[in-house]
Every structure is written in structure tokens, then in C-alpha cells.
Amino acid sequence: MVKLACSTALFWALPTNIRPLIRIAYLSQRRAYSQSKCSTRKQLTIAGVDYPTDSWTNVPRAILSNYGRKLHISQHHPLAITRQLIESRFVGFKNHNNLPGVVTVDQNFDSLGFAPDHPGRSKTDTYYVNESTLLRTHTTAHERDIFRDNQSDGWTLAADVYRRDAVDRSHYPIFHQMEGALTWHRPNFSSRDACLDAIKDSLRKLPKHDLAVEDPNPPFHPDHNPLQEKYHSPEEAEAVGAHLKRSLEDVVVTIFTEADKALASAGQASSTEQEPLKVRWVEAFFPHTSPSWELEVWWRGDWLEVLGCGVIDQPLLIRANQPDRIGWAFGIGLERIAMLLFGIPDIRLFWSKDERFLRQFRAADPYKRFQPFSKHPAAPRDVAFWLPASAQGPVVADTPASNSSAPSPAGGQRTETVKAGVEPVFHENDLMEVVRMIAGDAVEDVKLIDDFTHPKNQRRSLCYRVEYRSLERTLTAEEVNAMHEQVCSELVGRFNVEIR
Ligand code: FA5
Ligand code: MG
């Protein structure tokens, strides 16, 4: 009741001409949020299919409202153009682009060898439809089935994926990935050595480039990037790894060549973007590959992770009835690549229905520099709060979302955070979701700016800065205050925190 009284008072204090806007936008967001919070719904209908709900259900309606938009196969959409450009570098591969996003826990995690207590399985990271069904967190969810179907040695698969994640200009709860894999079937060759020679020969035929690539690590390492000794010889793992890296470097070179041309024809290269292209390979960890790597690109003054990849885990191929195949797989973020290709500055734009955005992209003349149509001012607001005094249990704050060691519902992590099944006292992803549900696409960035423990009573306080900014118009101070007030009261109601 306190919450309601507080926001209602604020609402009536607003000028009459903006009240209807607030009422429609934020009250409907609010309804979507509270409906998503508790699983009182008996069933969820997704793309016409009914699913029973249970205590695991945590998919908000706001997420489902974007389910099935299939941006990656919408003609003229920058994500579709990006997908086609990447596909064009993998000649002879079969392209799978229409697989539904509701998958089983078995497909998304078990089939890939995720440990039962892997943090990616937790409700704080993943959108569950119910205990056994979820919105895929990565396109890898389809690997086992595609390997089992065995329609082609090489294949790609692009699709929408869903994660409870950070809020900033390169993270969005729905994004698109493209998975790719290539395997060699050993029995097709006269001997294991002949198969190895074929891999090396294929590597020699891949396009060469003169890109500056940092790759300081050995092809595998017993402690932090192991060879699958039981199944692969060192030479095999090295050849497959080299083939994989060169194939992906070729993708990056292609993207940047097109991006450079677009930049030149727009005659508007900024000094940061004129820096020579720099990329680096870093060691990574995925349950479904070993050794594994991530590729990072230097973009606007920082390293941006664009993909994860590795030598396919042989037990995964065995589970897919393909014990005699050896090969590589990768998963690439399509938005991240499209941002580089077109110079799109904010991931939210991909979801825009604004013609000023959409009409800039045409399949017939695909690689055009994005022309920003407006830049509205940011409105930062801070929220500082004490965590509940009596609460015992883990607190997850300040997760470096784009860092390769950050928790990720798709692997990519060694460090322990909160194990699946353990309820954290506070998880930053829950705060991110509160902000998204209330502000929708009017929030650009949320970050932890202070973390303080009181020396006397040991109470811990966190302070987050929320940057409100609409891509389409200037937000008024009243609108921002109303949203922020709502965020604060929702945090109190939901996490039992005390606003400072
Ligand atoms: C994975 O999803 C692995 N399944 C990839 C993989 C496939 C590895 C096959 C090995 C073999 P990761 O969580 O790092 O890994 O995501 C892959 C890419 O998706 C990232 O490099 C990034 O480009 C993109 N990505 C991840 N999270 C987000 C997000 N919230 N918003 C936009 N893009 C994201
Ligand atoms: Mg990663």
C-alpha cells in the first residue's frame, strides 16, 4: 500500500498532458512485471503452444511480447544482412534458421555436459517456462540434435536467445546468435593420419589475411585449456583449432572490409573508428568444447567479445551418435557483429519499429553506414540501499557482463558465483530486470557505482546508477522521476532493501 500511495502521489503531481502517457506506458509495464514475478498463471502460451507453469516459471510477458519476431530472417533487417554475410563465408554449409526458442533443460544444458550445479542453470540467469522447459540461452542448445541428424559436415544456425543479464549498450535480454560447426568423419579417410592431413590441407586453402591478431597462448594447456587427451592427438587438436581460428578471422576481416567501405562512402569516419583493426584470442571455458577461446575486437576504446568457440567435446559427439567425428564449433553474437558492421551504437535499436531506423537498411544495397537520427540526453539517477540486515546467503553484484570470466548461462565461466538451487539474498540480474520491466527501452545502462560495508554494524550498502535515455525522444524530468521512484519502491517490496 505504501508503494502504491507513493507512486500515485507522484503521478498526480505530473502535468496533465503527460499523465496519460505515463499511465499507459508504466502501468502496463508494472502489470507485466508483477505478473511475471509470481507464477500465479496456470499456464503460459508461447507461439500458440500451452505450457504448464510451476515454481520455476519466471518469463516476463514483456519478453514474450518480442518472442517470434525473427529479426534474423526479416528481409532488410540489419541482423538478417549480418547473418547472410557470415553465412557467405561458410560455403557448402547447411543453414538452419527457423528453430523454435522454447527448448528443454536437456537440450540447453544436459546434452552439453553442463554440471548439475552450473550457475547458468539458476533462475537468476535463465528464463524458465517451467522446471523442464526454458527459453534457449544459446544456439548451442541445438548442437546435439543437429549432429545426430547428420545432414551435413558443416552447418550454421541463427536464432533468438534469451538471458537475464546486465543492462548496457551491448547487452539485451533477447539477442541473436549464430552457431556454426564443421566436423570431419574419420572413417571417410584411409587412416587417422589421412584425416589429419585433410584438415591441414583444408586449412591451407582457407583465405589468407594480413590482420593483426594477438594470440599469445599455446594451442592447448593442461591446466587452463586442456586437450581432450582420451580422444584427440595433440596434432589433431592443434590442426582443428588452427582451422577454426582462421575461419573466424576470415569472418572478422570480411565484416571489417565491408564496414570500412561503408564508412568511406559515408565520408564520416570518426577518429576512433579509423584506428587499425585489432583482434585477440583469449582462452575460455565452455562445457561443450575443449580447448576453447573467445575472440575480442578493439571497438570504441575497449575490447568487445564477439564470439566463443572451441574443439567440440567428444562426449557430446558420442551422445549424438557421432563418435567418429572430430571438429570445431563456434557461437557468435549477431548484434555485436552488426554493431561493428553498420556502426549501430546501441543494442536496443535492433528492436526499434521506428522507420527512421528500419528504412536505412536494404538487402539490395546492404552495407550502409547507420546514420543516427537523434541523440536525446541521458538522465542518470542513483539508487543506494542497505541490503537486509538479517539476511544470510550470497550476494551477486558488479558482474562484469562482457568479460569472458563473467557468469554466463552458456558456460564461459570458471569462477564460482551462485550455484544453481542456492537462493541468493540479492542478485544484480533481478535488479536489472526490475529496471527493464519499469523503464522498458527507456533505460540505457545500469551499473554498480558504490559497494560499502558499514564498519560498525557490518551492514552492506550498494549504489547503482541508472541511465535513462530514450532512443526516440527526450524524456522529461517528471517521467524519469516517476520511473525511478517506481524502481525504488519495487526494490524495497521485492528484495526487502532499505533505500538510503
Ligand atoms: C556461448 O553462448 C557459447 N554457447 C558459444 C559457443 C558455441 C562456444 C559453440 C563454443 C562452441 P557466450 O555466452 O560467450 O558463449 O556468448 C557468445 C556470444 O554471444 C558472445 O561472445 C557475445 O557476442 C554474444 N552475447 C552474449 N551475451 C549477450 C547479450 N546479453 N547481448 C548481446 N550479445 C550477447
Ligand atoms: Mg562469453
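Take the stretch 379-499, drop everything but the C-alpha atoms, weight them equally and run the Debye formula without solvent; then report log10 I(q)/I(0) at 0.17 Å⁻¹ to two decimals. Reported log10 I(q)/I(0), two decimals: -0.93. Oblate is the label for the stretch 307-396, because the ratio a/c of its alpha-carbon gyration tensor axes (a ≥ b ≥ c) is 1.5 or higher and a/b is not greater than b/c. Around the Cα centre of the stretch 379-499, unit charges on the Cβ atoms of Lys, Arg, Asp and Glu (plus for the first two, minus for the last two) sum to a dipole of about 420 debye. Taking only the Cα atoms of the stretch 253-347, the radius of gyration and Dmax are 16.9, 53 Å. The value of relative contact order for the chain, using C-alpha pairs under 8 Å at least six residues apart, is 17 percent.
Here's the picture: charge each Lys and Arg Cβ at +1 and each Asp and Glu Cβ at -1 in the chain, and of 458, 295, 239 the one pushed furthest to the positive end of that dipole is 458.
The residues packed around residue 395, meaning those with a beta-carbon under 13 Å from its beta-carbon, carry a net charge of -3 if Lys and Arg are +1 and Asp and Glu are -1.
Rounded if a/c is under 1.5, else prolate if a/b beats b/c, else oblate: with a ≥ b ≥ c from the C-alpha gyration tensor eigenvalues square-rooted, which is the stretch 149-308?
Details: a/c = 1.83, a/b = 1.58, b/c = 1.16.
Prolate, since a/c reaches 1.5 and a/b exceeds b/c.
What does the charge count around residue 367 come to, taking other residues whose C-beta lies under 13 Å from its C-beta (Lys +1, Arg +1, Asp -1, Glu -1)? Cβ neighbours under 13 Å give a net charge of +1.
Phi-derived couplings, Karplus 6.51 cos²θ - 1.76 cosθ + 1.60 at θ = phi - 60°, listed residue by residue for the stretch 154-167: x, 8, 10, 8, 10, 6, 7, 10, 10, 8, 7, 8, 5, 10 Hz, with x used for Gly and Pro. What the phi angles of the stretch 387-399 give under the Karplus curve with 6.51, -1.76 and 1.60, with θ = phi - 60°, is a coupling list of 5, x, 5, 7, 5, 10, x, x, 10, 10, 9, 6, 7 Hz, glycine and proline written as x. Every pair of different Cα atoms in the stretch 213-269 enters the Kirkwood calculation, which places the hydrodynamic radius at 13.9 Å.
Summing Lys, Arg as +1 and Asp, Glu as -1, what charge do residues with Cβ under 12 Å from the Cβ of residue 385 carry, residue 385 excluded?
Numbers: positive: 459, 460, 494, 500; negative: 382, 450, 451, 490, 498.
Result for the neighbourhood of residue 385: -1.
Near residue 208, which lysines are there with a Cα under 30 Å away, not counting those fewer than 8 places off in the same chain? Output for residue 208: 94, 200, 245, 261, 278, 368.
Ratio of Rg to Rh for the stretch 122-230, alpha carbon only, Kirkwood? Don't skip to the end; give the middle numbers.
Numbers: Rg = 18.8 Å, Rh = 18.0 Å.
Rounded to two decimals, Rg/Rh equals 1.05.
Give me the percent of the accessible area of the chain that comes from carbon and sulfur atoms, probe 1.4 Å, all protein chains in place. In the chain, the share of accessible area belonging to carbon and sulfur is 51 percent. Overall dimensions of the chain, expressed as equivalent-ellipsoid semi-axes from the Cα gyration tensor (√(5λ), whole Å, largest first), are 40, 27, 21.
The values are calculated or read from the model by the stated rules, or taken from the named source; none is laboratory data. Note that the coordinates shown come from a computational prediction; the quantities given were computed from them, not determined experimentally. Glycine gets a Cβ as well: all are built from the backbone with ideal geometry, and neighbour counts include every protein chain shown. Keep in mind that these areas ignore ligands, DNA and RNA; they rest on the heavy atoms of the full protein, side chains included. Shrake-Rupley method; radii C 1.70, N 1.55, O 1.52, S 1.80 Å.
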